[in-house]
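Worksheet for the structure shown next.
The values are calculated or read from the model by the stated rules, or taken from the named source; none is laboratory data. All values reported here derive from a predicted model rather than from experimental measurement. Backbone-built Cβ (ideal geometry, glycine too); neighbour counts: all protein chains shown.
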Amino acid sequence: MKQISYSTGAWLGQGLAPAFDGVAGAGFACVELGGCGSCVEDWRCESRPDAPHAPRGQAATAFRRAAEQRGLTITTLHAPANTNVLGPPTEAWRVEKREVLASYLRFAGEIGAGGVVVHGIPNVIFLPKGADIASLLEPMVDAMRRSVEELVPVAAKAGTRLLLENLPYERDFGGYPLIRMHQLRPFVEEYPSDQVSLIVDTGHAWTNGDHPADEIRAAGDRLWGTHLQDVPLQDPADDHLVPGDGELDWGAIGQALQDVGYRGAWTFEVHHGNPEASQEALAARTFAFAQRWLEAGSKSEK
């Protein structure tokens, strides 16, 4: 049976309870934690540049208990993004953020999440002003490689994995490395699949000018996660729309996932809709789409 999951990132700046209530109330049985704060009482969904280390011990147990009380399984979590990346341009930055990301791998193990979504190199907007960006690309790739090597044993001990995501940076600076699946797939081949895999974001793909189905096929059997969201075909901006409110070809996306034998969670990362509605209503509409879409895909397999 497919695990149909929904990201709590939609409840930006709200507490854990309304996010979990909204996901469960819409009909989902699985959930992705869309970024985390320092403790359950002050939990926030946003990914902050100064994100603290993840909860441990009793605080982590409370996350898992809160999900279980609502009949939810935590499939994945999204580590804080922005400056919390694997491959920043300086060693001090890298070491600091490696420890933040290591804490989220350990947290994932404590709450039973099978994967932690992480970003590779930073968006150009977080690089030093006036920097020669082209000169930083190779050092950032090298830094990303070293961070992954150091985090593999952490992931193995925690019983989870890093999920490297395609990222919509191309509009900021042409030629960015390791933001598309044809770049990321060879990169992850160096590491065990149980600790390092890939996640395709459909909206990121089209915003980058890539077809999501092509990105899925490029990831192939290393694909272990999805962020399913819609965008318009013209002038996409990582819109995070309810599928069907944008213009992506969901038939082709579903077929590509079947073709690669995808077995991970089918996670919807929706923040907006046409027209706008409450996050609870958007989650309900997304769940209805998921049921129709996956049923259609199941029939096509026969």
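Observations on the model:
- Number of positions in the stretch 107-124 that are in a loop (DSSP other than H, G, I, E, B), more than 30 Å from Thr61 (Cα to Cα) and in contact with a helix residue (DSSP H, G or I) (Cβ under 7 Å, 6 or more places away or on another chain): 1
- In the stretch 258-289, the residues that are crowded, with 22+ Cβ neighbours inside 10 Å, among the hydrophobic types (A, V, I, L, M, F, W, C) and in a helix (DSSP H, G or I): Leu282, Ala283
- Candidate set: the stretch 125-135, residues that are in contact with a Pro (Cβ under 9 Å, 6 or more places away or on another chain) and outside any helix (DSSP H, G or I); chosen: the one surrounded by the most Cβ atoms within 10 Å (Cβ to Cβ): Leu127
- Selection status of Glu138, closer than 21 Å to Arg98 by Cα, surrounded by fewer than 20 Cβ atoms within 10 Å (Cβ to Cβ) and free of Cβ contacts under 8 Å to residues at least 12 places away in the same chain: yes
- Given (1) within 17 Å of the chain's Cα centre (by Cα); (2) at positive phi, index of the condition Val118 fails: (2)
- Scanning the stretch 62-106 for residues that are part of a loop (DSSP other than H, G, I, E, B) and either closer than 22 Å to Gly13 by Cα or free of Cβ contacts under 8 Å to residues at least 40 places away in the same chain (or both) gives Arg70, Leu72, Ala79, Pro80, Ala81, Asn82, Thr83, Asn84, Thr90.
- Test for Trp11: is it crowded, with 16+ Cβ neighbours inside 10 Å, at pLDDT below 85 and either touching an Asp or Glu at 6+ places or on another chain (Cβ under 8 Å) or farther than 21 Å from Ala155 by Cα (or both): no
- Any hit, the stretch 233-240, residues being polar (S, T, N, Q), more than 24 Å from Leu77 (Cβ to Cβ), at pLDDT below 95 and surrounded by fewer than 21 Cβ atoms within 10 Å (Cβ to Cβ): no
- Yes/no for Ala237 being farther than 30 Å from Met144 by Cα and either assigned to a helix (DSSP H, G or I) or not basic (Lys, Arg) (or both): no
- Arg146 being under 26 Å from Met181 (Cα atoms), charged (D, E, K, R), in contact with a Lys or Arg (Cβ under 8 Å, 6 or more places away or on another chain) and surrounded by fewer than 19 Cβ atoms within 10 Å (Cβ to Cβ): yes
- Any hit, the stretch 178-187, residues being among the hydrophobic types (A, V, I, L, M, F, W, C), over 28 Å from His271 (Cβ atoms) and surrounded by 15 or more Cβ atoms within 10 Å (Cβ to Cβ): yes
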